[in-house]
Amino acid sequence: MAKISRAQLKQLVEAAIFVADQPLSQEQIQLTVLDGLAVSKTMLKETLTELKLEYQARGIQLVEVASGYRFQSMDSLSPWLSKLWQEQAPRYSRAMLEILSLIAYRQPITRGEIEDVRGVSVSSQIMKTLSERGWVKVIGHKEVPGRPSLYATTKTFLDYFSLKSLSDLPSSDDFLGSEDIDNQLNILSSDADNRLTEDNPPQKSADRTTIESNIESNDADEPEQLH
């Protein structure tokens with residue numbers, strides 16, 4: 001195998017993450033750009049740690065999400081960087097965020113269990129939207145009469161909210177114990193400031209406005225029914 005210096009390794013790994021369209025895991029880096037090079041898993045891990053430290057004080061940071069490593073802008077720069085995009089950020093209804101939050105914190109969960117908590121029927125359009133965005137998927141069926149589908153979040157959901165795993169979510173006590181619905185919804189959106197526009201690769205683009213500012217005052221989804 002060909003040898004590579006530490007300095008060259010750092011440059012190569014940095015460039016690979018920068019040009020990739022999706023987050024890169026250590027395994028992906030090892031099997032692609034480092035294929036044929038004498039680089040151990042330990043060396044790669046140390047290199048990624050060094051890069052993360054070097055970028056901490058910059059406007060662009062190297063972060064690890066569920067799918068791997070990517071470059072993204074600092075959360076605090078979001079209000080100014082969002083001015084680079086003229087199009088409107090996607091808007092999410094309160095109902096959608098409530099349903100997504102329940103799935104995230106209580107997964108696996110059935111549609112009926114979501115309705116029991118919220119006290120209203122779950123909109124089919126909302127479930128379709130969450131599935132189409134790749135945030136939610138069916139992972140099985142509950143062994144009760146009717147065998148309802150069990151829903152859970154995906155790696156795409158974690159990546160979007162810049163989470164490495166579900167353990168990085170805010171405390172469920174903090175989230176579900178709040179009496180202020182705005183605070184409840186904002187907790188989920190607080191880690192989404194560093195998400196990126198859908199039309200730009202996440203490694204090279206800045207973030208848009210937060211979900212907090214995108215909550216519509218009136219739900220645009222199909223009307224929900226009390227039950």
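The values are calculated or read from the model by the stated rules, or taken from the named source; none is laboratory data. Here the structure is a predicted model, which means the values were calculated and not measured. Note that we place each Cβ from the backbone using ideal geometry, even for glycine, and neighbour counts take in every protein chain shown. Surface areas here come from the heavy atoms of the whole protein model, side chains and all, with no ligands, DNA or RNA. Shrake-Rupley method; radii C 1.70, N 1.55, O 1.52, S 1.80 Å.
List of remarks:
- Of the three principal axes defined by the Cα atoms of the range 127-173, the extents in descending order read 37, 27, 15 Å.
- Mean Cα-pair separation over length for the range 47-147, i.e. relative contact order, pairs under 8 Å, 6 or more apart, %: 12 percent
- Normalising the average separation of contacting C-alpha pairs (under 8 angstrom, six or more residues apart) by the number of residues puts the relative contact order of the range 1-96 at 28 percent.
- FRET efficiency for R6 and Q107, using Cβ-Cβ distance with R0 set to 45 Å, rounded to 0.05: 0.60
- Cut-off 14 Å, label 7 Å out along Cα→Cβ of A38, residues of the range 8-27 by amide N: none
- Apolar share of the accessible surface for the range 1-143: 53 percent from carbon plus sulfur atoms, 1.4 Å probe.
- The ratio of the alpha-carbon radius of gyration of the range 44-164 to the globular-protein estimate 2.2 N^0.38 Å is 1.34.
- Tensor-based shape of the range 42-115 (alpha-carbon gyration tensor, a/c under 1.5 rounded, otherwise prolate or oblate): oblate
- The count of lysine pairs in the range 5-127 that are at least 8 places apart or cross chains, and whose C-alpha atoms lie under 19 Å apart, stands at 4.
- Peptides 18-30, 49-61, 150-162 ordered by average Cβ neighbours within 10 Å, highest first: 150-162, 18-30, 49-61
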